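J.: Below are the structure tokens for one structure; questions will follow.
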Amino acid sequence: MTVPPIAMLAELTYRCPLSCPYCSNPIEMAQQDQELETATWADVFRQAADLGVLQLHLSGGEPASRRDLTELVHAARTAGLYTNLITSGIGLSQKRLAELDEAGLDHIQLSLQGTDAGMADMIGGYRGGFDRKMKVAGWIAEIGFPLTLNAVLHRKNLHQLPRAIEMAVEMGARRIEVATVQFHGWALQNRDALMPTKEQAKEATRIVAEARVALKGKLVIDYVPADYHSDYPKRCMGGWGTTGLNVAPDGLVLPCHAAQSIPHLEFESVRYRRLRDIWYDSAAFNAYRGTDWMADPCKSCERKTVDFGGCRCQAMALLGDANATDPVCVKSPHHGRLQDQAAAHASAEAELVYRSAPAKAP
Ligand code: SF4
Ligand code: FES
């Protein structure tokens, strides 16, 4: 039986002052003039609450690039949603943060590209970004927003993990998400530059385990391990069409941020259909819901309701078949080849390919 979603990720815009080479936004980004208007988003938030969504994550791109961000937060809170702003901090001033507080913003998730200006500005492709982010972190603490630090790690900055954890404590964050890069979107283009080595992946797991013990009761550490070096895949999106949904800047409703990479799926827009109908009845949401779609080895596997066969977009990207078992899984016939590929990417040298800006309106 299909249950309602708990969380919705609203990608308010693909615009962003940063150009991180691991951005999960699609390579082909919607034009700015196709972004949903304030009133349409407000209606989508009401529909989401009515559908059963509890948490709204306001994301992008950089959501602060939307001038109406405060209005959107107000609309979401009025609809009864818990609101979390996922931001690099660029575009937020002290005044704007105070207005967001006034509008009812519940939580901020601040991204960290590196633990010093040299690394952070190089990865974000934005000079001065780190210093600005530190200022924003200070204002967030002054206002007293609950904070999660989101450190995205890869071969170039995994050695900074211990400092990232220290920074989360210093900033008064309640939680840090230690997220090893997932290879979708722009990151897929950058595997030769960003793939961690197996040793780095192991070391990160050790550091996280130690820090969890040392900081128990002080800081919660969420950890997304290096996928290609694992033996079992992650339960992507908590299971397709199970717990969450994404709405893209132009209103397309997606089961996950990379779903548009699966070419045979057609996605529907909130401009033309109610969110409830899309969640329950659309072909795209039903395509990989549950376990009926599976073939072996997933079909006969005892873990099939643990990880739901892993990530559909990863199966598509790596095998050209979204129905296949995620090749991260040891039971996949392609697992060995993926491990070899991961080792090859990890020892390759390559320049970073930075995310480019969304196409401008004509
Ligand atoms: Fe998960 Fe499928 Fe691997 Fe079983 S075979 S562990 S269900 S990915
Ligand atoms: Fe699409 Fe994993 S990112 S299912």
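Just so you know, all these numbers are worked out from the coordinates, no wet-lab data involved. Just so you know, these numbers come straight off a predicted model, no measurement behind them. Don't worry about glycine lacking a Cβ; one is built from the backbone with ideal geometry, like all the others, and counts go over all protein chains shown.
J.: Report the per residue volume, in Å³, of the convex hull enclosing the C-alpha atoms of the stretch 209-281.
T.: Convex hull volume per residue, Cα atoms: 156 Å³.
J.: For 229, 264, which order do you get if you count the other beta carbons within 10 Å of each Cβ and list the fewest first?
T.: Listing 229, 264 from fewest to most nearby Cβ atoms yields 264, 229.
J.: Filter the chymotrypsin sites (Phe, Trp or Tyr not before Pro) in the stretch 203-244 down to the DSSP loop ones having no more than 10 other Cβ atoms within 10 Å, then list what survives.
T.: Hits after loop and neighbour filter: nothing returned.
J.: Treat every Asp and Glu Cβ in the chain as -1 and every Lys and Arg Cβ as +1, leave all other atoms uncharged, and give the resulting dipole magnitude about the Cα centre to the nearest 20 debye.
T.: 520 debye
J.: Quick one: give the max-minus-min coordinate of the C-alpha atoms of the stretch 244-341 along each principal axis, largest first, in Å.
T.: Projected onto its principal axes, the Cα set of the stretch 244-341 covers 44, 27, 19 Å.
J.: Projecting each Cα onto the charge dipole of the stretch 7-229 (Lys/Arg +1, Asp/Glu -1 at the beta carbon, about the Cα centre), which of 24, 115, 211 comes out farthest on the positive side?
T.: Going by the charge dipole, the pick is 211.
J.: Give me the net charge for the shell around residue 276: Cβ to Cβ below 13 angstrom, other residues only, Lys and Arg +1, Asp and Glu -1.
T.: -2
J.: Would you work out if the stretch 147-249 is rounded, prolate or oblate? Take a ≥ b ≥ c from the square roots of the eigenvalues of the alpha-carbon gyration tensor; rounded if a/c is under 1.5, else prolate when a/b is larger than b/c, oblate otherwise.
T.: Oblate, because a/c is 1.5 or more while a/b does not exceed b/c.
J.: Considering the stretch 9-86, what Rg and Dmax in Å follow from its alpha-carbon atoms?
T.: For the stretch 9-86, the Cα radius of gyration and maximum Cα-Cα distance read 12.6, 37 Å.
J.: Placing one identical point scatterer on every Cα of the stretch 304-344 and ignoring solvent, what is log10 I(q)/I(0) from the Debye formula at q = 0.29 Å⁻¹?
T.: -1.00
J.: Calculate for the chain the 222 nm mean residue ellipticity that helices alone would give, adding -39,500 (n - 2.57) per DSSP H run of length 4 or more and normalising by residue count, nearest 500 deg cm²/dmol.
T.: Helix-only estimate at 222 nm: -10000 deg cm²/dmol.
J.: Using bins 10 angstrom wide from zero, how does P(r) for the stretch 7-229 break down, in % of all Cα pairs?
T.: Final binned percentages: 8, 32, 37, 20, 3.
J.: As an exercise, identify the GluC sites (Glu not before Pro) in the stretch 188-282 lying in DSSP coil whose Cβ has no more than 15 other Cβ atoms within 10 Å.
T.: 266
J.: For a footprinting-style exposure proxy, rank 59, 93, 230 by other Cβ within 10 Å, fewest first.
T.: Ordered from fewest to most neighbouring Cβ atoms within 10 Å, 59, 93, 230 come out as 93, 230, 59.
J.: Would you please calculate the Kirkwood hydrodynamic radius of the stretch 167-225 over all C-alpha pairs and express it in Å, rounded to one decimal?
T.: That comes to 12.8 Å for the stretch 167-225.
J.: While we're here: With springs connecting C-alpha atoms under 10 Å apart, model the chain as a Gaussian network and identify which of 314, 113, 260 has the largest mean-square fluctuation.
T.: Judging by the Gaussian network model, the answer is 260.
J.: If you don't mind, another one. Among the trypsin sites (Lys or Arg not before Pro) in the stretch 178-270, which ones are in a DSSP loop with at most 13 other Cβ atoms within 10 Å of the Cβ? Mind listing them?
T.: Here the sparse-neighbourhood loop sites are 216, 218.
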